[in-house]
Amino acid sequence: MAKRKNNGCLGRGCIVGVFVALVFAALFVWGGVVFMSQPLEPGSQVRRIVNIPKGASAQRAATILVNRHVLRNRWAFLIAYRFSDSRKGIKPGSYELSPSMTPNDLLNDLLNGYVSMDSVTIPEGWTIEQIADRLDKHGIVDRAEFLQVARREGRSFTGPNGFVPPSNNLEGYLFPTTYRFSPHSDPHTVIRSMVEEFEKRVVDKQSDSVRWRKIITVASLIEREAEAPEDRPLIASVIYNRLRKGVRLQIDATVQYALPSHKSRLYYKDLTVRSPYNTYLFAGLPPGPICCPGEASIDAALAPSKTDYLYYVAGPGGRHIFTRSLAEHDAAISSLRAGSR
């Protein structure tokens, strides 16, 4: 009887062949993974702004990164995501990324929310409306949303050391300085930073309880009236002296705040505008600040000069002329007019 021929691959050589094939396959896969894990453009100095929308999945983020030419292959990113602490989730925002970054680098930024930051300066003496305009222009917040929060939700903000703004209208309490914010920020996040800066730069310096509504209102008047730093404590003294005597403040800046838009020059008819902010019509301080004052004006409101001045008028060189009586005040105005002829 003839023996059946064995056609199976049971020999030693066949096993070696299978092993070699598996090794080559593994090396091929490993090489592919290594290749995909390399930066798209090693050493590139290019930086690109990449917007990741709210609620984006890892798959969606990977596609965006590929389309923005900062990621070579979406699968490398997704493999890295699979073995990461993906419970953090992809954070939305605008990121400044580079094709020189590896998939792991890109993933790290998106998981930790390392969004790009824009530097924006808020000048002293600006109103919250002016602040909203600048932040909107920089693409940091939506103007309308910012104003909605800043004018109505002020007392919902609390500083790290417990400061709560005295009013829901945050006019006066958004500290003017330079900030770094990410594009498309939540208005609450931006406003919280500015209130916290106010607490750190202003409130924390005071050991005693301070009536901040009054102080910041006075400081805002000083900010809009003073040009020379030396005049700030003197203007503060005039304001307090007139308040003490019950004399109307008659400050032009309060009328400007009451008008629908700023005017380069006020006329007598403007002084009759019916507004509680019009200190030509109503005695005492206006209902609240008329701008966000800087530190120097706040310091002047906290520590005014000790004088008996009741009047001042803008003089040459940005300085003011201070007087004690209406007769002296009128004489100072006449002298200035004669000198300008």
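Where a number appears in this text, it was derived from the coordinates with a stated rule and is not lab data. All of these numbers come straight from a predicted model, not from anything done at the bench. All Cβ positions, even for glycine, are placed from backbone atoms using ideal geometry, and neighbour counts span all protein chains on display.
I need the helices of the chain that pass two filters: whole DSSP H segments spanning 24 Å or more by Cα along the axis, and mean Kyte-Doolittle score no lower than 1.0. Don't jump to the answer; show the numbers that get you there.
Details: long enough: 12-36 (36 Å, 2.22).
Flagged H segments are 12-36.
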Spread of Cα-to-Cα distances over 10 Å intervals beginning at zero, given as percent, for the range 212-340: 13, 43, 38, 6, 0
Within a Gaussian network of the chain (alpha carbon springs, distance under 10 Å), most fluctuating of 88, 245, 269: 269
Hull shadow area, averaged, the range 48-112 [alpha-carbon convex hull, nm²]: 3.6
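Loop sites only, by DSSP: take the chymotrypsin sites (Phe, Trp or Tyr not before Pro) in the chain that have at most 14 other C-beta atoms within 10 Å and name the longest stretch containing none of them.
Values: sites that count: 83, 267.
Formally, the longest exposed-site-free interval is 84-266.
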Square roots of 5 times each gyration tensor eigenvalue, C-alpha, the range 118-205, largest first, Å: 19, 14, 12
When the chain is reduced to its Cα atoms, the Kirkwood hydrodynamic radius in Å: 25.1
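For a test of understanding, tell me how many lysine pairs in the chain have Cα atoms under 18 Å apart, given they are 8 or more places apart or on different chains. Numbers along the way, then the final one.
Values: 54/88; 54/91; 205/214; 214/245; 245/306.
Lysine pair count for the chain: 5.
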Within a Gaussian network of the chain (alpha carbon springs, distance under 10 Å), most fluctuating of 92, 286, 42: 42
Charged-residue dipole, Cβ positions (Lys, Arg, Asp, Glu), the chain about Cα centre, Debye nearest 20: 1520
Exposure proxy ranking, count of Cβ atoms within 10 Å, fewest first, for 320, 188: 188, 320
Gaussian network model of the chain, springs between alpha carbon atoms under 10 Å - residue of 327, 236, 58 with greatest fluctuation: 327
Distance between the range 118-144 and the range 228-245 - C-alpha centres, whole angstrom: 30
